[in-house]
Amino acid sequence: MRKFCPEILAKSEPPVSLKQHIEECLTVYESLKNAFERLPVSNSEHFWEIVRFGIIFHDLGKSHVEFQKMLNGEYAEWYHQRHELFSVPFIDMLNLENDDKWLLKMIIAGHHKDFKSLYDLILHNYKSEEDFFSFGQDGKLDWDQEVEKLNIPQIQSLLEKFGVSIKLNKFILPVELIKKYNRNPINSSNSHFKELVLAAGALKQCDHSASAGIFKVNMLEDKHFDFLYQKQWIPYYHQKKASETIGNIVLTAPTGSGKTEASLMWLHKQMKEFGQGRTFYILPFTASINAMYERLNDKMQGNNEIVGLIHGKLSEYIENKFGDEIYSSKNEKLKKELKESYRALVPPLKVATPFQLLKSIFGLKGFEKGIFEMSGGYFIFDEIHAYDPEVIAQIKVLLEFAINHLNVNVCLMTATLPTFLKNKLCEIMQPHTEIYADDNLYKKYIRHKIRVAKGLLSENIPIIQQRLEEGDKVLVVCNTVKQAQSIYQLLDSPNKVLLHGAFNGRDRNKKEDKLQSENVKLLVGTQAIEVSLDIDYDVLFTEPAPLDALLQRFGRVNRHRINDEFRPPCDCVVYSERNDRDKYIYRNEEVIRRTMHVLQEIELKNEGIVFEKDLQHYLDFVYPAWSKNEEEDFDRVYNSLNDFVKNNLVPFIYDPHSEEEFENQFDGIKVVPSILKNDYINLLNSNQFIKAESLKVSVSKRRFSSLIQNEEIQREVAAFQVLNKEQIMEKTFYTINKKYDDELGLQIDDEYISVESNIWD
């Protein structure tokens, strides 16, 4: 008679019993049920009961004696077996409908590995009918013999504690289940899709959260919205309207008129009407995401348990918040835990890039968790105007999928959105309500006086210098990094800052901190300053650009109100001639031409005064539609992704090329300036990996290819020891042999240094 361990373990380091793990998963489960009131399932009670069974049964296969030996640190003949395969057969012993059994078997089989891997594992490791002629020489395992190594008495006792009884019968290797699904997977056009992907996502969330020691899923409560309803604050019309509207909205209001507050008032109304769901506040740029996170975190008084933060530079953000603390393994552990808490399901409101949501509809590994988290949720898109046609196409597919399949409500916000683009997005937001700021508010927003100046900006340095000497705070915006570096060096000010995309993360953070903490008299930058930064200058000098970009630049001037009033209109000087290198940045000459026509009309008609109420008319003139190439880009991406979501987005099957394909659409390869190479290696040697990554600068793929051909970029390998472990790791990185310093950034003779508008920052 086989001797079994008295208690089945689920995990080691530290040891966790299977009973404890199931109990912890069920604790998460109860919290999830409350936080996800709007799941798009026909019978919510039945759905959650299925998930409960999944939690109880998902790890029963770990009772295998060899798996237990492995957890106890003993030599074990576990080979390439998977505990999920031994968990699945128990489902046939339950008194459930066949459809429910099928669903349970699917989510249990797929809660770790994809089905293709599981099928290959079965074929390579277990005997089949074809193997009978090998006379046992193939080394394959006998399934029936392996089943005998399950601790059935302990499993039955465990199940009884959770109120579940089973009727023992033959254990069948789930090869047919997995093979059949591989050949005929369920996509989003199948009626079983939603229940399957949501049940899989819920089980994975419970399992992963419990394993990470996260047992509570927080919810937004009335108290978190209290700051919106203070007595001394009288809401604007568009804010009040948002607070009263049920369903999808499109909100148009001037920059700085409280759109964020309006969106949160809308959110509060939806939750009162429909119930709890996760909320995603979506912005295009890292800097704006960080700023919004800090703002909401402060207002909603919940720290990272209420407001989460997710983007590609989250580690760098956390590192920066820690300051210059002396390295310790404890601090590194704390930073890792903090990062996970930002990303985890715990915060009910997350500030993120579209990247975080788009990953799920690209079918990347584990996407079921992402779809589950979005389900029954609320999307708030801010600065929706900032995306190019290809990204807009992706967002449209995401919105169609979220609205049609996941019961998501959407708020779109903008100050500058051409009508044709709004219509394109609103096609799938039906029904929806359009909300506009009232005329009286627009009349208050007279902030800018436009002057169109002849010539190149670079030919007018004395004029800019004169405004500095008169005491004005001066903002200069160039279209290219090289031009910005040149203009910065030509202008003289005791307190000046240069900001663009060719700085590494460390130096950029320092510059942004300086802008927020000091009275910087001169800021020279590129498109990097168009959004996000809460800065306020007296005068702007800028190179020509498309109207929407210029409006963002204007928005950094005369930005802050005193007693609800702005200063008299401030000068925004736009030079009429383009730099030779501008063609690499803004390729649509017709848009630039129409923009300059509009600016000249404003200057003649209104003496340069910009009336924000008229901006929609001007935007529609500049952007009556996309260009032929832009429309083709939109259609190509939309049709391709839409087809993928309909036909190839399937649970438990992941295309190994999907992640590479997803990442390849984003420009930018990170390199270490050669002058910082030793610093980078030293940080790796002390295991300060986040600080090491913050030394890198992004260059475009096109420029990267050119530089590597000229041997100005080298591929290098650094070896370092993992602290507290006898382990040597290798890290591959690229160095660039170009001048770099913390004042000017990376200095390259031509352009394509970095992608300023990269939303995946």
- [ ] Test each condition in (1) at pLDDT below 95; (2) over 30 Å from N407 (Cα atoms); (3) not hydrophobic (A, V, I, L, M, F, W, C) for E148 and report the one that comes out false.
- [x] (1)
Task: Among the candidates D92, D99, D120, D59, residue that is touching a strand residue (DSSP E or B) at 6+ places or on another chain (Cβ under 6 Å) and either at negative phi or modelled with pLDDT of 95 or more (or both) - done: D59
Open item on the list: Could you tell me how many of the residues in the range 687-743 are among the polar types (S, T, N, Q) and within 21 Å of I669 (Cβ to Cβ)?
Closed with: 11
TODO: Evaluate the range 187-197: report whether one residue or more is farther than 30 Å from K613 by Cα, of a type outside the set (D, E, K, R), under 23 Å from the mean Cα position of the chain (by Cα) and not assigned by TED's automatic domain parsing to the domain that holds M413.
DONE: yes
- [ ] Return yes or no: is E390 touching a helix residue (DSSP H, G or I) at 6+ places or on another chain (Cβ under 9 Å), closer than 24 Å to D633 by Cα and acidic (D, E)?
- [x] yes
TODO: Select, from P462, P389, P418, the only residue that is under 24 Å from G256 (Cβ atoms) and surrounded by fewer than 23 Cβ atoms within 10 Å (Cβ to Cβ).
DONE: P418
Open item on the list: If N72 meets every condition in (1) touching a helix residue (DSSP H, G or I) at 6+ places or on another chain (Cβ under 9 Å); (2) surrounded by fewer than 22 Cβ atoms within 10 Å (Cβ to Cβ); (3) farther than 30 Å from Y378 by Cα apart from one, which number is that one?
Closed with: (1)
TODO: With the checklist (1) surrounded by 14 or more Cβ atoms within 10 Å (Cβ to Cβ); (2) in contact with a Ser or Thr (Cβ under 9 Å, 6 or more places away or on another chain); (3) over 27 Å from D92 (Cα atoms); (4) modelled with pLDDT of 90 or more in hand, flag the one item V175 doesn't pass.
DONE: (3)
Open item on the list: Just the residues that are basic (K, R) and under 13 Å from F171 (Cβ atoms), please, taken from the range 78-108.
Closed with: K105
- [ ] Give the range 586-609 a look and list any residue that's within 16 Å of Y442 (Cα to Cα) and modelled with pLDDT under 90, or say none.
- [x] N606
Open item on the list: Quick check on my filter: what residues within the range 643-670 are buried (at least 17 other Cβ atoms within 10 Å of the Cβ) and either closer than 25 Å to E195 by Cα or of a type in the set (D, E) (or both)?
Closed with: F644, V645, L649, V650, P651, F652, I653, Y654, D655, S658, D667
- [ ] Name every residue in the range 422-452 that is at pLDDT below 90, surrounded by fewer than 16 Cβ atoms within 10 Å (Cβ to Cβ) and of a type outside the set (S, T, N, Q), in order of residue number.
- [x] D439, K443
TODO: List the number of the failed condition for L550; all other conditions in (1) farther than 12 Å from N479 by Cβ; (2) touching a strand residue (DSSP E or B) at 6+ places or on another chain (Cβ under 8 Å); (3) hydrophobic (A, V, I, L, M, F, W, C) hold.
DONE: (1)
Task: Members of the range 95-116 that are surrounded by fewer than 18 Cβ atoms within 10 Å (Cβ to Cβ) and either outside the structural domain of L158 (by TED's automatic domain parsing) or among the hydrophobic types (A, V, I, L, M, F, W, C) (or both) - done: L96, W102
Open item on the list: Can you tell me how many residues within the range 136-188 are touching a residue at least 40 places away in the same chain (Cβ under 8 Å), closer than 30 Å to L641 by Cα and outside any loop (DSSP other than H, G, I, E, B)?
Closed with: 5
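Each row is one residue, and each column tells you yes or no for (1) among the aliphatic types (A, V, I, L, M); (2) assigned to a strand (DSSP E or B); (3) in contact (Cβ under 8 Å) with a residue 60 or more places away in the chain.
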position: K350; (1), (2), (3): no, yes, yes
position: F355; (1), (2), (3): no, no, yes
position: K369; (1), (2), (3): no, no, yes
position: G376; (1), (2), (3): no, no, yes
position: H385; (1), (2), (3): no, no, yes
position: V391; (1), (2), (3): yes, no, yes
position: K396; (1), (2), (3): no, no, yes
position: L399; (1), (2), (3): yes, no, no
TODO: Those residues that are in contact (Cβ under 8 Å) with a residue 24 or more places away in the chain and closer than 16 Å to Y537 by Cα, I need them from the range 495-517; list them, please.
DONE: N495, K496, V497, L498, L499, E512
- [ ] May I ask you to verify whether E13 is without any contact (Cβ under 8 Å) to a residue 40 or more places away in the chain and either farther than 25 Å from P651 by Cα or assigned to a helix (DSSP H, G or I) (or both)?
- [x] yes
Task: helices (runs of 4 or more DSSP H) (entirely within the range 614-720) containing at least 2 residues that are at negative phi and under 22 Å from the mean Cα position of the chain (by Cα) - done: 628-647, 658-664, 689-693
Open item on the list: Given the criteria touching a Gly at 6+ places or on another chain (Cβ under 6 Å) and surrounded by fewer than 22 Cβ atoms within 10 Å (Cβ to Cβ), does N407 qualify?
Closed with: yes
- [ ] Go over the candidates S458, S486, S493 one by one and state the one that is more than 30 Å from Y618 (Cα to Cα), of a type in the set (S, T, Y) and either outside the structural domain of R594 (by TED's automatic domain parsing) or more than 37 Å from the chain's Cα centre (by Cα) (or both).
- [x] S493
- [ ] Quick one: in the range 572-613, of everything that is of a type in the set (S, T, Y) and assigned to a helix (DSSP H, G or I), which residue is surrounded by the fewest Cβ atoms within 10 Å (Cβ to Cβ)?
- [x] Y584
TODO: Can you work out which of the residues in the range 1-36 that are farther than 30 Å from G277 by Cβ and charged (D, E, K, R) is modelled with the highest pLDDT?
DONE: K19
TODO: State whether the residues of the range 32-48 include one that is surrounded by 19 or more Cβ atoms within 10 Å (Cβ to Cβ), assigned by TED's automatic domain parsing to the domain that holds E176, of a type in the set (G, A, S) and under 28 Å from L406 (Cβ atoms).
DONE: yes
TODO: Would you point out the residue of the range 718-761, among those that are within 26 Å of A549 (Cβ to Cβ) and among the hydroxyl-bearing types (S, T, Y), that is modelled with the highest pLDDT?
DONE: Y752
Task: Pairs, first acidic (D, E) in the range 712-725, second not in a strand (DSSP E or B), C-beta under 8 Å, six or more apart - done: E712/N737; E712/K738; E716/K677
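The values are calculated or read from the model by the stated rules, or taken from the named source; none is laboratory data. This one's a predicted model, so the numbers in the text were calculated from it and none came from an experiment. Here Cβ is always computed from backbone atoms with ideal geometry, including for glycine, and neighbour counts include all displayed protein chains.
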